[in-house]
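**Student:** Below is the structure I would like to discuss, written out as C-alpha cells.
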Amino acid sequence: MATAQSTSILPEELEESGREPVVAVQDIHKSFGAHKVLNGINLTVNRGETLAVLGRSGTGKSVLLRLIVGLDKPDSGSIRICGEDIAGLTIDQLGGIRKKMGFLFQHAALYDSLSVADNVAFPLLHHNKALSKSERADRVSQLLLEVGLDGNLDRMPSDISGGMQKRVGLARALALKPEILLLDEPTAGLDPISSREIDELILKLQKERQMASIVVTHDLFSAKIISNRLALLDQGNVLIEGSFEDLERSDIAFVKEFLKQ
Ligand SMILES: Nc1ncnc2c1ncn2[C@@H]1O[C@H](COP(=O)(O)OP(=O)(O)OP(=O)(O)O)[C@@H](O)[C@H]1O
Ligand SMILES: [Mg+2]
C-alpha cells in the first residue's frame with residue numbers, strides 16, 4: 001500500500017479507481033510487405049510503472065515503440081495513450097499527444113552538428129515556443145543536472161562517451177515533461193559499469209517523475225533492476241508477461257533459453 005507521504009500510485013489502485021492505463025496497446029498487427037512482424041500484441045502500462053520489453057533481435061521491439069510514439073501506423077488494433085486512440089491519427093493530429101511522450105532512440109540519435117545543450121533544447125525550441133531564451137537555457141541546465149551532465153553544455157556529441165550520449169538523449173526525452181517515457185536499448189553498447197549507472201539514473205527519474213515507462217532492452221540484469229513488469233516478445237506476440245520471478249518460474253522452453261543468456 002502507498003503511504004500517506006508517497007506520491008506513487010500502485011497499478012492495483014489505478015485499476016480500482018477505474019482509470020485507464022496511460023498506455024494501452026490492444027491487438028496490434030504490423031507487417032512490412034509479406035513480413036509479419038507484430039501479430040496481435042496486447043500490453044498496458046500504468047503511471048509510475050516501468051515495463052521492460054524483451055525479445056530476440058528482429059522480433060519487433062523497436063517497431064512496437066515506433067507505433068506507440070506514432071512514428072508509424074499499425075495495420076490494425078488500437079493504441080490508447082491517456083485514453084485517446086492514436087492508431088488512426090495523422091502526424092498533425094498527433095501533435096498534442098506526442099508531447100506527452102519522451103523517446104530515447106535505440107542509438108541515442110543525437111544531432112551531430114548541435115552541442116549537448118542545443119540537442120536538449122531542441123524539443124523546447126520546437127514544441128514550447130512560449131519559453132524565453134533564458135527560460136529555455138535554465139530548463140536545459142536543469143535537465144542536464146538531472147542526468148548528471150552539468151558542465152557539459154558546450155561539448156559536441158562526437159566528443160562525449162556513449163554513456164554520456166545516452167544521458168543527453170534522456171535529458172532530451174525529458175525536456176517536455178513527458179507522462180510517458182519510451183527507451184529503446186538505453187544500455188546497449190555500454191560497459192557494465194556505465195550500464196548500471198544508466199539503470200540507476202532511470203530508477204531515480206522514475207521515482208521523481210512517476211511516468212509510465214517502457215524500456216526495450218537486451219540487458220536482462222538491467223530489466224530486472226529497473227522494471228516492475230516484463231514482457232517477452234516472440235514471433236510477433238507477447239509470449240509471457242509478469243515479474244522477473246514469474247519468468248524464472250516459467251516452463252516454456254524459449255523463456256528458459258532466453259533467461260540463460
Ligand atoms: N521500415 C521498415 N521496413 C521494412 N522492414 C522493417 C522496417 N522496420 C522494421 N522492419 C523489420 O521488422 C523486424 C523487426 O524490427 P525491429 O527493429 O523492431 O527489431 P528489434 O526487436 O528492435 O531488434 P533489435 O533487438 O535488433 O533492435 C525486422 O525484421 C526489421 O527488418
Ligand atoms: Mg530494436
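**Student:** With just the Cα atoms of the range 196-261, tell me how far they stretch along each of the three principal axes, in Å, largest first.
**Tutor:** 37, 21, 18
**Student:** Which cross-chain or sequence-distant (5 or more) residues have an amide H under 5 Å from the amide H of Ala87, H modelled 1.01 Å from N in plane?
**Tutor:** Ile79
**Student:** Something else about it: Please state the equivalent ellipsoid semi-axes for the range 106-185: what are the square roots of 5 times the Cα gyration tensor eigenvalues, largest first, in whole Å? Walk me through the numbers on the way to the answer.
**Tutor:** Values: eigenvalues 67, 44, 25 Å².
In descending order the semi-axes read 18, 15, 11 Å.
**Student:** Mind listing the phi-derived Karplus ³J(HN,Hα) values for the range 58-63, rounded to whole Hz, using 6.51, -1.76 and 1.60 with θ = phi - 60°, and x for any glycine or proline?
**Tutor:** x, 7, x, 5, 5, 4
**Student:** When Leu131, Leu233 are ordered from fewest to most other Cβ atoms inside 10 Å of their Cβ, what list results? Mind showing how you got there, number by number?
**Tutor:** Values: Leu131 15, Leu233 23.
In increasing order of surrounding Cβ atoms, one gets Leu131, Leu233.
**Student:** Taking square-rooted eigenvalues a ≥ b ≥ c of the alpha carbon gyration tensor, is the range 149-261 rounded, prolate or oblate, where a/c under 1.5 means rounded and, failing that, a/b exceeding b/c means prolate?
**Tutor:** Values: a/c = 2.49, a/b = 1.84, b/c = 1.35.
Prolate shape, in that a/c is at least 1.5 and a/b is the bigger ratio.
**Student:** Right, another one. Report ³J(HN,Hα) in whole Hz for each residue of the range 149-163, in order, from the Karplus equation J = 6.51 cos²θ - 1.76 cosθ + 1.60 where θ = phi - 60°; Gly and Pro get x.
**Tutor:** My calculation for the range 149-163 gives 10, 5, x, 10, 4, 8, 6, 9, x, 5, 9, 10, 6, x, x Hz in order.
**Student:** Of Phe122, Gly58, Thr44, which is farthest along the charge dipole of the chain in the positive direction, counting Lys and Arg as +1 and Asp and Glu as -1 at C-beta?
**Tutor:** Farthest towards the positive end: Phe122.
**Student:** Next question, about the same structure. Students often check this: by mean Cβ neighbours within 10 Å, which of 55-67, 71-83, 249-261 ranks highest, and how do the rest follow? Before the final figure, lay out each step's value.
**Tutor:** Values: 55-67: 19.6, 71-83: 16.9, 249-261: 12.2.
With the highest mean Cβ count within 10 Å placed first, the list reads 55-67, 71-83, 249-261.
**Student:** Under the rule of at least 5 residues apart or a separate chain, name every residue whose amide H is placed under 5 Å from the amide H of Asn237.
**Tutor:** Distant-sequence amide H within range of Asn237: Asn39.
**Student:** Let me ask something additional. Beyond 22 Å, how much of the Cα-Cα pair distribution for the chain remains, as a whole percent? All intermediate terms of the calculation are to be shown ahead of the outcome.
**Tutor:** Working: 19187 of 33930 pairs.
Of the Cα pairs, 57 percent sit more than 22 Å apart.
**Student:** Place a +1 charge on the Cβ of each Lys and Arg in the range 101-177 and a -1 charge on the Cβ of each Asp and Glu, then give the dipole magnitude about the Cα centre in debye, rounded to the nearest 20. Provide the component values of the computation, followed by the final result.
**Tutor:** Working: 9 positive and 8 negative charges, 51 e Å.
Magnitude of the dipole: close to 240 debye.
**Student:** Counting helices only, and only those DSSP H runs with n ≥ 4, report the 222 nm mean residue ellipticity of the chain as the sum of -39,500 (n - 2.57) divided by its residues, in deg cm²/dmol to the nearest 500. It would help to have the intermediate numbers written out before the result.
**Tutor:** Numbers: 10 runs with 101 residues, N = 261.
Roughly -11500 deg cm²/dmol at 222 nm, from the helical runs in the chain.
**Student:** May I pose another question? Once amide H atoms are built 1.01 Å from N in the peptide plane, which residues 5 or more positions from Phe103, or in another chain, come under 5 Å H to H?
**Tutor:** Leu182
**Student:** From the backbone phi of the range 26-39, what are the Karplus-calculated ³J(HN,Hα) couplings (6.51 cos²θ - 1.76 cosθ + 1.60, θ = phi - 60°) in whole Hz, Gly and Pro given as x?
**Tutor:** 10, 6, 7, 10, 8, 10, 10, x, 7, 8, 7, 9, 10, 10
A short reminder: the numbers here are calculations on the coordinates, not readings from a lab. Not measured: the values here are computed from a predicted model. Heads up, the Cβs are rebuilt from the backbone with ideal geometry, glycines too, and the neighbour counts pull from every protein chain shown.
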